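Just so you know, all these numbers are worked out from the coordinates, no wet-lab data involved. A quick note: this is a predicted structure, and the numbers were derived from the prediction, not measured. No Cβ is skipped: glycine too gets one built from the backbone with ideal geometry, and neighbour counts run over all protein chains shown.
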Amino acid sequence: MVTGPNTHGASCVRRIRAQADSLKWSLPQTAVAIHECCSVSRLRAHRLVRGLTLGQAAETLRGLEGSRVTSLSAAAEQLRQWETKVRSPKTPAIAMLCQLYDSDPYELGLMPVQEGTMLPVAKPAGTVTIKPGRQGSDHFTDLIDATRRSVDRSLGAGSISMGQLDLLEERVLLDRTEYVHRPPVSMLEQLLYDLKEVEAFSQERQPASVQVKLAELTTVLATLIADSLMKLGDLHRSRTWYSTARHASDESGNRDLQARVRAQAAMLPYYYGPLESAVSLARDARIMTRSKPSPTAVFAAVAEARALAQQGNRAGADERVREAQVLFDRLPADANEDAFAFPRRRFLLYLSGVFTAMGRTSQARRVQEEALALYPSHTGIDPALLHLEAALCLAHDRSATEACQLASTTYMRVPEAHRTPILGARARRVIDQLPGANASTPAAKDLRELLELPAALT
């Protein structure tokens, strides 16, 4: 605990912040020190640790609230009363304060610590509402954000038996296997709870070998969480979780895992833009693998090829395809049902994307048919993505009605739990690719209307 002088003013706060800088404390750790030393509320300590005046914090809070408070002075007075506990903020205000300080309500002293209790945090505009099976959607999205913040703080921070570590690895391996076929919402909830357990062991300093293993497990789980959120169309949270996964992979020092996270993160800008980021991330991953044969090396090369093809860079895409093919041919056969494997059917899925983007529809159809024959009956959305690639080929070949009908049929056949925004985005791309006035045909209108229906009605 930090001790201080009898007079606790701005100088005391400056001294604690300087000490925190020298000891590389996190903002939450520094806020606790100010709270304990200066006898101020945790809420005020979080403002002081950031060097904000009452007016500056109130002005930012007014922006988050949409200026519902009529004046800055009124907002500042309201915040002062919350900080001195004259009044207690209501739930919407607590959510705004959590967003203001990027903290959870327990760190801010606004709720007693109680395991399993979560508050809604304001959602960025444009995100989807996630509806898990066991908890309310607001509570669940707060769990997503709170878990990520907590993991980020714990990565740099130990006692676990080898038996416990083995059990954790078994659970993460099961997650990797189930992720291939389970719907993203139910999978996301399981991943979050498993990650909380891994994080609990990471909060204390462990032997170096154990820290490395925990960082690797954190990387895997954070990557799958990011991918789940991408499927659900929650792009902001997906980006933040990919950042956490990259942080964890760097902590692990595992070069293959570092490359894998970057290759996987390239999927977000590939589907939602900008394509330049997809190319850059995949290229970084490919360079990190040093062209040594591995599933990650193949994944990185063919992911870069797909993004380059989408950009219109045919020569670059062809070069990456040749490299990926050479690497893949040197790998042993791999039919694993594992989200981190890269079996032939996945390789063919990416080749389909390359050939479709370049308008080589005959090549695309061949790899689509071969890939579809390799997928088991119990699987995720990959077969649907292949059928949508086939619809894009029909659009390229000016078979507009057939393209839209195939996209509609594919979309409707996917079980509702798997019918996530990423599928809708790919189906809309079929309409975007229709030449001339074909986007106004009855089949195109039917597809557009289908994609605009609420999920419960499709």
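Between 211, 38, 395, the Cα set farthest toward the positive side of the dipole of the chain (charges on each charged residue's Cβ, about the Cα centre) is that of 38. Which one, 268, 72, 447, is farthest towards the positive end of the dipole of the chain when Lys and Arg carry +1 and Asp and Glu -1 on their Cβ? Positive-most Cα among the choices belongs to 72. Distance from the C-alpha centroid of segment 192-240 to that of segment 306-350: 26 Å, rounded to the whole angstrom. Applying a DSSP loop filter and a limit of 13 other Cβ atoms within 10 Å to the GluC sites (Glu not before Pro) in segment 202-305 leaves 204.
Name the chymotrypsin sites (Phe, Trp or Tyr not before Pro) in segment 160-211 that are in a loop by DSSP and that have at most 11 other C-beta atoms within 10 Å, would you?
Of the chymotrypsin sites (Phe, Trp or Tyr not before Pro), not one in the loops of segment 160-211 has a Cβ with at most 11 other Cβ atoms within 10 Å.
Qualifying chymotrypsin sites (Phe, Trp or Tyr not before Pro) in segment 213-283, where qualification requires a DSSP coil assignment and no more than 13 other C-beta atoms within 10 Å, are lacking entirely. Rounded to the nearest whole Hz, the Karplus-based 3J(HN,Hα) values (6.51 cos²θ - 1.76 cosθ + 1.60, θ = phi - 60°) of segment 96-110 follow the sequence 5, 5, 4, 5, 4, 9, 6, 9, 9, x, 6, 5, 7, x, 9, with x at glycine and proline. Along its first, second and third principal axes, ordered by size, segment 151-252 spans 38, 24, 17 Å in Cα coordinates.
Taking every lysine pair in the chain that is 8 or more places apart or spans two chains, those with Cα atoms closer than 23 Å amount to 9.
Roughly how big is segment 254-372's charge dipole about its Cα centre, with Cβ charges of +1 (Lys, Arg) and -1 (Asp, Glu), in debye to the nearest 20?
Numbers: 18 positive and 13 negative charges, 36 e Å.
The dipole magnitude comes to about 180 debye.
For the chain, what does -39500 (n - 2.57) per DSSP helix run (n ≥ 4), summed and divided by total residues, give at 222 nm, in deg cm²/dmol to the nearest 500?
Details: 22 runs with 310 residues, N = 458.
Value at 222 nm, helices only, nearest 500: -22000 deg cm²/dmol.
Other residues whose C-beta falls under 11 angstrom from the C-beta of residue 187 contribute a net charge of -2, scoring Lys and Arg +1 and Asp and Glu -1.
Using R0 = 41 Å, the C-beta based FRET efficiency linking residue 409 and residue 315 works out to 0.70. Between 54, 179, 108, whose Cα lies farthest towards the positive end of the dipole of the chain when Lys and Arg beta carbons carry +1 and Asp and Glu beta carbons carry -1, centred on the Cα centre? Most positive-ward Cα: 54. Relative to the Cα centre, the charge distribution of the chain, modelled as +1 at Lys and Arg Cβ and -1 at Asp and Glu Cβ, gives a dipole magnitude of about 980 debye.
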